[in-house]
1. So, with a 1.4 angstrom probe, what is the percent of accessible area on segment 81-128 that is carbon and sulfur?
2. For segment 70-128, with only Lys/Arg (+1) and Asp/Glu (-1) charged at the beta-carbon, what is the dipole magnitude about the Cα centre, in debye rounded to 20?
3. Lys and Arg at +1, Asp and Glu at -1: add these up for the other residues within a Cβ distance under 15 Å of residue 80 and post the number.
4. From the phi of every residue in segment 256-269, what ³J(HN,Hα) in whole Hz does the Karplus formula 6.51 cos²θ - 1.76 cosθ + 1.60 yield, where θ is phi - 60° and glycine or proline is x?
5. Is the shape of segment 221-271 rounded, prolate or oblate, going by the alpha carbon gyration tensor and its root eigenvalues a ≥ b ≥ c, with a/c under 1.5 for rounded and a/b larger than b/c for prolate?
6. For residue 196, which sequence-distant residues (separation of 5 or more, or a different chain) have an amide H within less than 5 Å of its own amide H, given hydrogens modelled in the peptide plane?
7. Within straight cross-link reach of residue 245, meaning Cα distance under 26 Å, which lysines are found once same-chain residues fewer than 8 apart are removed?
8. Treating only the Cβ of Lys, Arg, Asp and Glu as charged (+1, +1, -1, -1), what charge dipole size does the chain show about its Cα centre? Round to the nearest 20 debye.
Amino acid sequence: MPDRKAVVAGRFYPGSSDELQALLHDLFTALKDSGLDDNGQEDTPCAVMAPHAGYIFSAPVAARALVHTRVPETVIVLCPNHTGMGRSRFGVWPDGAWETPLGPVAVNTELAGQLMAAGPVYAGDRLCHQNEHAIEVLLPFLQYLRPDVRIVPVCIACQHTPTLRNAGEMLASVLGDSLDTGAVGILVSSDMNHYEKESVALKKDERALECVLAEDPEGLIERCASERITMCGAGPMALTLHCLKCLRPQASRPARLMGHTTSGMVNKDFDRVVGYAGVRFYA
């Protein structure tokens, strides 16, 4: 039952517990002071999409996506596979814990096992997670908001709609009513379009976000392919939307865009930007 060591602490985000805790405190406090936190009212999304770049670029949007949300006891965290490593297109880290400077985050072994037993799509695969940053960088946000949170990490290397639909249906069969009751939530780790002029990137982001906010998984995958939108977490996002469609044909509230920016707003390089967006979804 080996733990997953932090691999980008000190590079993507602070490697010191005190420094990381202070940064997260400052981010969430700034949102409260700015009036962007729903006047302090707790929000209860069943799923959230948040970006996963270095904190200097993406942390403000990730904080906007999560501020004043009720983090459930267990969060299924879905990310893309940037490294190409691993044996499974839907790789589940099955047990143990993930380490961050804030301490270990336990894996919900029972729920991970249920997911792997649901069908042949999901498989235990530590290799795909070894050097993948997209889940790790979001865990401190969950820990800050709920120190005892447990996770089920899933790394996804698939853009094929029938397979994503099947995977979403399997996830829905495992979750049952736990999303609706708030026992479990889903966190999708995704950046938006990569490495084009900001004017182009913003238009492509808007096109992808139209499908995300409409909760249209087929449209998202088709649009990203046909319009060459390099949203790295399109697969995990589409899988989540297929799952939500199975669990509740119509949401109680529309999906909500919490923030959208680009790396150019930080480094002033507007010729080669990455987009970052945060979205909430409701049962």
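1. Details: 1040 of 1970 Å².
C and S fraction of accessible area: 53 percent.
2. Values: 4 positive and 5 negative charges, 45 e Å.
Dipole magnitude for segment 70-128 comes out near 220 debye.
3. On the way: positive: 89; negative: 125, 132, 136, 191.
Within the 15 Å Cβ shell, the charges total -3.
4. My calculation for segment 256-269 gives 10, 7, 9, x, 7, 8, 9, 5, x, 5, 9, 9, 6, 9 Hz in order.
5. Because a/c hits 1.5 or more and a/b fails to exceed b/c, segment 221-271 counts as oblate.
6. Long-range HN contacts for residue 196: 273.
7. 204
8. 480
The values are calculated or read from the model by the stated rules, or taken from the named source; none is laboratory data. Just so it is clear, the structure is predicted and the values come from calculations on it, not from any experiment. Ideal geometry is used to build each Cβ from the backbone, glycine not excepted, and the neighbour counts take in all protein chains shown. Note: accessible area is taken over every heavy atom of the protein model, side chains too, but ligands, DNA and RNA are not part of it. Shrake-Rupley method; radii C 1.70, N 1.55, O 1.52, S 1.80 Å.
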